[in-house]
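Before any comments, here is the structure.
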Amino acid sequence: MGQYFTNELLPSNVKKTECFVLGKKFFFLTDNGVFSKDGLDFGSRLLLDAIPLEEVGGKILDMGCGYGVLGIILSSVTHSEVDMVDVNLRAIHLAKRNIEENKVSNIRVFESNCYDKVDGKYSSIITNPPIRAGKKVVLEMVMGASKHLVNGGKLFLVIRKAQGAKSLIVDLEKVYNVEVLEKKKGFYVIKCVYDEEKN
């Protein structure tokens with residue numbers, strides 16, 4: 001996975017995948033060197049199925065967007081404005097192509113190492129953090145979200161129990177009001193509400 005974070009890319013082998021989520025069919029171009037190149041992964045699907053869509057609105061940030069699954073599906077279903085960011089240039093290129101593939105608008109995609117180039121505040125931040133990047137990166141993604149959420153804004157994430165879900169919840173509770181929305185096959189879907197009074 002080292003190439004993912006250094007942009008030392010593997011030879012390209014683009015393929016088209018499809019999935020049916022939240023009552024709609026989507027098509028995604030994937031490639032070597034990006035997460036879940038064989039199609040929608042279990043964790044992301046669980047996250048999308050567990051999120052209360054009535055609580056996702058306003059402006060959304062897809063942090064570590066990969067080839068664009070979470071942001072594109074949520075934009076299509078909720079008609080919200082979405083920003084998608086990733087450090088992997090191939091993923092960003094694919095995300096831009098997948099926006100066109102799925103005929104969605106109101107999406108902006110740009111390169112950013114976590115929140116380095118992210119400005120402004122969001123109503124919701126969504127992430128399936130790259131565990132293989134290490135705990136430091138994961139913590140930066142989920143704890144750093146607090147600086148980019150409006151008061152009452154929500155962070156939704158999915159993480160495996162075996163990859164530290166329980167200890168991460170302890171860290172999250174220092175900054176957010178935390179609720180576990182779903183547990184399935186060792187995956188936890190977690191909702192974190194940012195409360196300025198708590199910070």
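Tabulated data
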item: Yes/no for Y194 being out of contact with any helix residue (DSSP H, G or I) (no Cβ under 6 Å at 6 or more places or on another chain) and among the hydroxyl-bearing types (S, T, Y); result: no
item: Criterion violated by E55 - all others in (1) surrounded by fewer than 19 Cβ atoms within 10 Å (Cβ to Cβ); (2) touching a strand residue (DSSP E or B) at 6+ places or on another chain (Cβ under 9 Å); (3) over 20 Å from K191 (Cβ atoms) satisfied; result: (3)
item: Region 150-189, subset of a type outside the set (K, R), touching a Gly at 6+ places or on another chain (Cβ under 7 Å) and outside any helix (DSSP H, G or I), residue surrounded by the most Cβ atoms within 10 Å (Cβ to Cβ); result: V158
item: Single condition G39 does not satisfy, out of (1) out of contact with any strand residue (DSSP E or B) (no Cβ under 6 Å at 6 or more places or on another chain); (2) surrounded by fewer than 18 Cβ atoms within 10 Å (Cβ to Cβ); result: (1)
item: Selection status of K117, among the basic types (K, R), surrounded by fewer than 19 Cβ atoms within 10 Å (Cβ to Cβ), under 19 Å from L61 (Cβ atoms) and touching a strand residue (DSSP E or B) at 6+ places or on another chain (Cβ under 9 Å); result: yes
item: I72 in contact with a strand residue (DSSP E or B) (Cβ under 6 Å, 6 or more places away or on another chain), buried (at least 16 other Cβ atoms within 10 Å of the Cβ) and closer than 25 Å to V118 by Cβ; result: no
item: Residues (farther than 19 Å from L74 by Cα, out of contact with any helix residue (DSSP H, G or I) (no Cβ under 9 Å at 6 or more places or on another chain) and of a type outside the set (D, E)) located in region 103-140; result: S112, K117, G134, K136
item: Residue satisfying condition, being of a type in the set (V, I, T) and over 26 Å from V21 (Cα atoms), within set I169, I92, I107, I131; result: I169
item: Pairs where the first residue, in region 21-46, is free of Cβ contacts under 8 Å to residues at least 40 places away in the same chain and the second is assigned to a strand (DSSP E or B) and surrounded by 19 or more Cβ atoms within 10 Å (Cβ to Cβ), C-beta under 6 Å, 6+ apart; result: K37/T30
item: Any chance G152 is in contact (Cβ under 8 Å) with a residue 40 or more places away in the chain and at positive phi; result: yes
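Rule-based calculations on the coordinates, nothing more; no lab input. Values in this document were obtained by computation on a predicted structure and should not be read as measured data. As a convention, Cβ positions derive from the backbone with ideal geometry for all residues, glycine included, and neighbour counts pool all protein chains shown.
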